[in-house]
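Just below is one structure, and these are the notes that go with it.
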Amino acid sequence: MSASPFPFGPIPEVAGRIVVVAGDDIDTDRIIPARFLKCVTFEGLAEGAFADDRLELAGSHPFDRPEHQGATILVVNRNFGCGSSREHAPQALMRWGIRAVVGESFAEIFFGNCLALGIPCLSADHATILALQQQALADPAACFLLDLASAEIRGQAPAAGLEPAQRWDLSMAAGPQQMLLSGQWNATGQLLSHEEELQRTAARLPYLATFALG
Amino acid sequence: MGIGGTVSAGTLYDKVWDLHRVAELPGGSTQLFIGLHLIHEVTSPQAFAALKELGLGVRHPERTVATVDHIVPTTSQARPFADPLAEEMLATLERNCAEHGITLHALGSGRQGIVHVIAPELGLSQPGMTIACGDSHTSTHGAFGAIAFGIGTSQVRDVLASQSLAMNKLKVRRILVEGTLQPGVFAKDLILHVIRSLGVKGGVGFAYEFAGSCIESLSMEERMTLCNMAIEGGARCGYVNPDATTFAYIKGRPFAPEGAAWDRAVTWWSALASGPDARFDDEVRFEAATIPPTITWGITPGQGIGVDEAVPTPEQMPAEERPIAEEAYHYMGLAPGAPILGLPVDVCFIGSCTNGRLSDLRAAAAVALGRHVAPGIKAFVVPGSEQVAALAEAEGLDTLFEKAGFEWREPGCSMCLAMNPDRLEGRQISASSSNRNFKGRQGSASGRTLLMSPAMVAAAAVTGQVSDVRELLESHPVAGSASAEPRPVAISPSPLP
Ligand code: SF4
């Protein structure tokens, strides 16, 4: 299990090894089955990550394979994190050690939940993801550097079979990218800084003023 | 308008968005005011804990409404619950609500139930509101012409602290449905058909506006079923423009405006509907009459087929859908090209925020009446709320179901996601009126789910296999009487704090 601290402050990069969980439409019920939702804190969620898939694969799931322990970058395919809005899903991944996710596309709520935890989700086209996945599978010990400002992931020397210069282009919407780079991904403080505007908005909503609840 | 809340032009989505816009945030998102915040026991405890860590309070406790639904047992709801974890979750919610002055519609209050069932029936969900809840099926409340969406736990914390959220504006796709649904075809079939056609990712980045003559003729409960599953099509919210049906549903409910305030509300609500000047980013059209009873055969809500169709073969689908289809054949134990009709089922579940309302129970009861659950089948009915249960019992649906061999349970989410003791075992197949057929969703890692309308679930229960409800209804002239919109029963008055 990774010893990296939970994300904090500006996140310019994520370094580390890659773990690949392949397949389209991997929903949050699979990332963390509902029985693990019975908790009042997020501690201890790591064991729930992909729990049923891991059970089914009896030790051969990427999250169980010894060579992937300590990996920090998860590489997935299309529509990752669809389904339930549970933040337990990115929490479980984060507590297992994941600090960034790269994939073809992400479900919107999942993307937002990751952002709120300081976990960047970057996208790339099918061919790029496939190439990256093959590279990582061919050499699970290879280290990579995900550079958020330039939205790319690079191979880091020294690693067998990996040119240090090898790089793959990724993309991320400018807004979330800036939030992560500047450390403003934790929204609460920003939202609270608009006191006057909040009051003004509330005052113009008829259901708060002229026909308030019961 | 004269009452504030000047309404701009465009789609309902645009208008509601503009009204609730607080500020533009660095990073390009918009701070949006949240009109109604619904909370429950699963996604709120960590949010309250985070609030405490930050030394913050709840900004608008009077705009925050709580209930307990996901973990409640449906056999005995006596406290403490047999499951200590479930008990701890409810106790934590009770403590948090008490501490922050939030109304909790508790077990036995007459108002408890699935969060997406109770907010509408209490009159809390209203047109023009922004509604958020730490639950993806919050899209349900879009049926009222609200912009309603699911959020994660960090966002629950943000709404508690600031009554607002950082959001990005969605595009709007208008889904026009014209004509009339055939007898035996319901809103559930319609939305399964839409998702089947547009795909589970088709709605990503969009809000779905449901419009057209078919949608206009739907009851509020049917519109809720429709909007409930917008999220299964990838659309974070779905909505229907408010109209006379909407207003008639809200009128007289506990939190509805009254007297002069009612008239002001109706004027404002009416102005919110998408106008003739509304521009949509996309538009698709369906003919209601061509939609069959629809059922899922696979492991995503988009893997749906007409009940008389066969499981599609890889050749019949686009290349990118084949891998997940292969996974589905394997998991479901179904062969490509096999008919779905006649597939034996083990468990039949009627309930959930998709189909746990009175009209759903009536539709299922119409099929169950005078018939009996097939041998070896476990069939149970879980009303969506205490109020639904009371209404159903008042018209004798509980005894009707019990006579037909169904179990009649206490309200809650139940086997929709099986966080309570109701769950599949091993590879059991369920016919389910819920909204998700993901692997393991109903409590067994290898359990299988077929999504369908409540009437279709009842048909499966009495025949022991996937059946075409139209045939059962044809041979059953008693059915089809109950179409009126259910009215609220007298609920024990429990005024706001
Ligand atoms: S009924 Fe199912 S989908 Fe609806 S809120 Fe409960 S668990 Fe979620």
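Below are the figures for this structure:
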item	result
Pairs, first within 10 Å of B:Thr140 (Cα to Cα) in the range B:226-239, second basic (Lys, Arg) and crowded, with 24+ Cβ neighbours inside 10 Å, C-beta under 7 Å, six or more apart	none
Residue under evaluation A:Thr72, criteria (1) more than 14 Å from every other protein chain (Cβ to nearest Cβ); (2) crowded, with 24+ Cβ neighbours inside 10 Å; (3) not small (Gly, Ala, Ser), criterion not met	(2)
For B:Glu178: the one exception among (1) closer than 24 Å to B:Ala363 by Cβ; (2) within 20 Å of the chain's Cα centre (by Cα); (3) surrounded by fewer than 24 Cβ atoms within 10 Å (Cβ to Cβ)	(2)
Residue under evaluation B:Thr92, criteria (1) within 16 Å of the ligand (Cβ to nearest atom); (2) in contact (Cβ under 8 Å) with a residue 40 or more places away in the chain, criterion not met	(1)
Residue check for B:Thr75: within 16 Å of the ligand (Cβ to nearest atom) and either among the hydrophobic types (A, V, I, L, M, F, W, C) or away from chain A (no Cβ under 14 Å) (or both)	no
Residues of the range B:342-381 satisfying the condition of being basic (Lys, Arg) and open to solvent by 20 Å² or more (accessible area, probe 1.4 Å)	B:Arg362, B:Arg371, B:Lys378
Residue in the range B:189-212 that is open to solvent by less than 10 Å² (accessible area, probe 1.4 Å), more than 14 Å from chain A (Cβ to nearest Cβ) and within 16 Å of the ligand (Cβ to nearest atom) present	yes
Matching residues, the range B:426-436, being over 25 Å from B:His372 (Cβ atoms) and within 12 Å of the ligand (Cβ to nearest atom)	B:Asn435, B:Arg436
Test result for B:Phe247, in contact with a helix residue (DSSP H, G or I) (Cβ under 9 Å, 6 or more places away or on another chain) and closer than 30 Å to B:Thr296 by Cα	no
Selected residue (only one of B:Val72, B:Val42, B:Val65 is surrounded by 15 or more Cβ atoms within 10 Å (Cβ to Cβ), farther than 30 Å from B:Lys169 by Cβ and within 27 Å of the chain's Cα centre (by Cα))	B:Val72
Residue within the range B:459-466 that is outside the structural domain of B:Pro183 (by TED's automatic domain parsing), open to solvent by less than 10 Å² (accessible area, probe 1.4 Å), within 16 Å of the ligand (Cβ to nearest atom) and at pLDDT 95 or above present	no
Qualifying residue in the range B:386-408 (condition: in a loop (DSSP other than H, G, I, E, B), out of contact with any Leu (no Cβ under 7 Å at 6 or more places or on another chain) and either assigned by TED's automatic domain parsing to the domain that holds B:Met229 or within 14 Å of the ligand (Cβ to nearest atom) (or both))	no
Residue check for A:Glu56: more than 18 Å from the chain's Cα centre (by Cα), open to solvent by 10 Å² or more (accessible area, probe 1.4 Å) and acidic (Asp, Glu)	yes
Where a residue in the range A:172-198 is outside any helix (DSSP H, G or I) and its partner, wherever it lies, is charged (D, E, K, R) and buried (at least 18 other Cβ atoms within 10 Å of the Cβ), with Cβ under 9 Å and at least six apart	A:Ala187/B:Asp158
Conditions (1) away from the ligand (no atom under 16 Å from the Cβ); (2) open to solvent by 10 Å² or more (accessible area, probe 1.4 Å); number of the one not met by B:Arg423	(1)
Test: B:Thr290 is more than 28 Å from B:Gly212 (Cβ to Cβ) and polar (S, T, N, Q)	no
Residues that are more than 7 Å from chain A (Cβ to nearest Cβ) and among the polar types (S, T, N, Q), drawn from the range B:129-155	B:Thr130, B:Thr138, B:Ser139, B:Thr140
Failed criterion for A:Val102 (all others in (1) on the phi < 0 side of the Ramachandran plot; (2) open to solvent by 40 Å² or more (accessible area, probe 1.4 Å) hold)	(2)
Subset of the range B:213-231 (residues that are within 14 Å of chain A (Cβ to nearest Cβ) and open to solvent by 10 Å² or more (accessible area, probe 1.4 Å))	B:Ile231
Top-ranked residue in the range B:93-122 [being of a type in the set (Asp, Glu) and surrounded by fewer than 21 Cβ atoms within 10 Å (Cβ to Cβ); ranked as farthest from the chain's Cα centre (by Cα)]	B:Glu99
Entirely in the range A:9-116, the helices (runs of 4 or more DSSP H) that have 3 or more residues that are free of Cβ contacts under 8 Å to residues at least 60 places away in the same chain	A:51-57, A:88-96
Residue tally, condition more than 16 Å from the ligand (Cβ to nearest atom) and within 14 Å of chain A (Cβ to nearest Cβ), over the range B:235-245	1
Set B:Glu53, B:Glu62, B:Glu41: member being in a helix (DSSP H, G or I) and touching a Ser or Thr at 6+ places or on another chain (Cβ under 9 Å)	B:Glu62
Inter-residue pairs, beta-carbon under 6 Å, first among the small types (Gly, Ala, Ser) and in the range B:412-426, second near the ligand (Cβ under 9 Å from one of its atoms) and not in a loop (DSSP other than H, G, I, E, B), 6+ apart	none
Strands (runs of 3 or more DSSP E) wholly inside the range B:185-297 containing at least 3 residues that are modelled with pLDDT of 95 or more and closer than 30 Å to B:Ile429 by Cβ	B:294-296
Close pairs from the range B:159-175: first outside any strand (DSSP E or B), partner of a type in the set (A, V, I, L, M) and open to solvent by 10 Å² or more (accessible area, probe 1.4 Å), Cβ under 7 Å, at least 6 apart	B:Leu160/B:Val58; B:Ala161/A:Leu192; B:Ala161/B:Leu56; B:Ser162/A:Leu192
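Conditions (1) more than 14 Å from every other protein chain (Cβ to nearest Cβ); (2) away from the ligand (no atom under 16 Å from the Cβ); (3) not in a loop (DSSP other than H, G, I, E, B), marked per residue:
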position	(1), (2), (3)
B:Ala328	no, yes, yes
B:Tyr331	no, yes, yes
B:Pro336	yes, yes, no
B:Gly342	yes, yes, no
B:Ser359	yes, yes, yes
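The values are calculated or read from the model by the stated rules, or taken from the named source; none is laboratory data. Predicted model only: the values in this text are computed from it and were never measured. Please note: Cβ atoms are built from the backbone with ideal geometry, for glycine as well, and neighbour counts cover all protein chains shown. Just the protein is used for accessible areas: all its heavy atoms, side chains included, with ligands, DNA and RNA removed. Shrake-Rupley method; radii C 1.70, N 1.55, O 1.52, S 1.80 Å.
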